[in-house]
Structure formats: structure tokens, C-alpha cells
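J.: This is the structure I want to talk about, given as C-alpha cells.
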Amino acid sequence: MGGRIDKKGFDFKNGAYWQISSYDTALIKTLIKGIQNDPELNFGMSVREVSIMEDPRVEPIQRFFLNSPIFIKRKLEERVHHYTFSDADSGLYMTQTLQEKLENAGLDPKGVKVYFDSTYQKPSTKMINYNGIKCRASMCPVIIEGSEEQLKFAWNVGIGNSTGIGFGSLK
């Protein structure tokens, strides 16, 4: 965050801010060690500072704003369909994806529920091109219902599909 796109490419006049999160603390430690060993990135950028954020305080029903758009996809017959905030099944699919991630991490998936905030005044979609694949994703806060452990897990891993490449990051 902190940059803009112009005709020449990305422009980060005042530097950039990245938030990288993971449920796997060993992965975060490895990442930090790598940054400390070699802070140089691509395109003339380098890391000047790393700060560790604590998990947020959460309520049993918590609204989250987004750092990045939420991508939801399902394979139907031979096609992959993308879902957005305006699709009735989007909440069901976000919930199923989070439940699967919770289960894979050895956590209880029961009782968690995810849905877009229908009271948000300006939801939008963005078309993101990733490796030649156009992904329609949603910019709209989500509401997550569940235990403290489930909500903090969601904050760390993100919501929706393709969170490992940056989709669905929560503020």
C-alpha cells in the first residue's frame, strides 16, 4: 500500500507499506530472518523497517475492512465461476473456504460464518490479472461470526480463495 500506478508502472514516492500475515509463526520467523539477511527487493525497493503486529481484539461478530479484494471461485462443470459481493452464494462459499482452512490447520470449523456487509455503501469489484488469468474480486467489508480463535485465524490467513497470493487480506 502507499503507491499508485501511472503510465510508467508503479510509483511509490513515499515508500510502501506491506502487511504480511500467517497463522504459521515459523513461516513469519523465517520471512523476517530472510529480510534481515537481505533487505533488498525488486525494482529498487528495500525493507527499512519490520514491525510485528499483535492479533486484533475481536468480538463474536466482527466486521473487517479489507487490505485487498476478496476472490471467490468455484468450479461448475467444466468452468470456473467467480463470485462477488452481489452473488447470493458468496457468503456460503467464503464460509466453506474458511472452514476448510480451519480444518487443515487442526482447528474447529464449527459455528464460523462469513458474509459481506450488506450495509456498506460503496461495494465494488476489481478485475485483477494474475499470470494471465482475470480474477473478478470484491472490495466490501466482511462480517465474520465465530470464536475468538476462528476470527483471529481468519485475520491471519485471509478470506476467500487465493489468499496465498494476496487476495482477501483483512485489516
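J.: Please specify each residue of region 87-109 satisfying the condition of being among the small types (Gly, Ala, Ser) and within 15 Å of residue 142 (Cα to Cα).
T.: 88, 90, 91
J.: Find the residue count for region 115-163, including only residues that are among the aromatic types (Phe, Trp, Tyr), farther than 14 Å from residue 72 by Cβ and part of a strand (DSSP E or B).
T.: Number satisfying all stated conditions: 1.
J.: While we're here: Is there any pair with a first residue in region 76-94 that is within 21 Å of residue 157 (Cβ to Cβ) and a second that is outside any strand (DSSP E or B) and not hydroxyl-bearing (Ser, Thr, Tyr) whose Cβ atoms are under 6 Å apart and which are 6 or more apart or on different chains, and what are they?
T.: Correct list of pairs: 85/123; 85/140; 94/159; 94/160.
J.: Looking at residue 69 and the list (1) at pLDDT 95 or above; (2) over 13 Å from the mean Cα position of the chain (by Cα); (3) not basic (Lys, Arg), which single condition is not satisfied?
T.: (2)
J.: Tell me whether region 100-113 contains one or more residues that are of a type in the set (Lys, Arg), surrounded by fewer than 12 Cβ atoms within 10 Å (Cβ to Cβ) and farther than 23 Å from residue 23 by Cβ.
T.: So far as region 100-113 goes, no, none of its residues is of a type in the set (Lys, Arg), surrounded by fewer than 12 Cβ atoms within 10 Å (Cβ to Cβ) and farther than 23 Å from residue 23 by Cβ.
J.: In region 63-77, which residues are part of a strand (DSSP E or B) and not charged (D, E, K, R)?
T.: The answer is 64, 66, 70, 71, 72, 76.
The values are calculated or read from the model by the stated rules, or taken from the named source; none is laboratory data. Given the structure is predicted, the values throughout are model-derived calculations rather than measurements. Cβ coordinates were reconstructed from backbone atoms using ideal geometry, including for glycine residues, and neighbour counts include every protein chain displayed.
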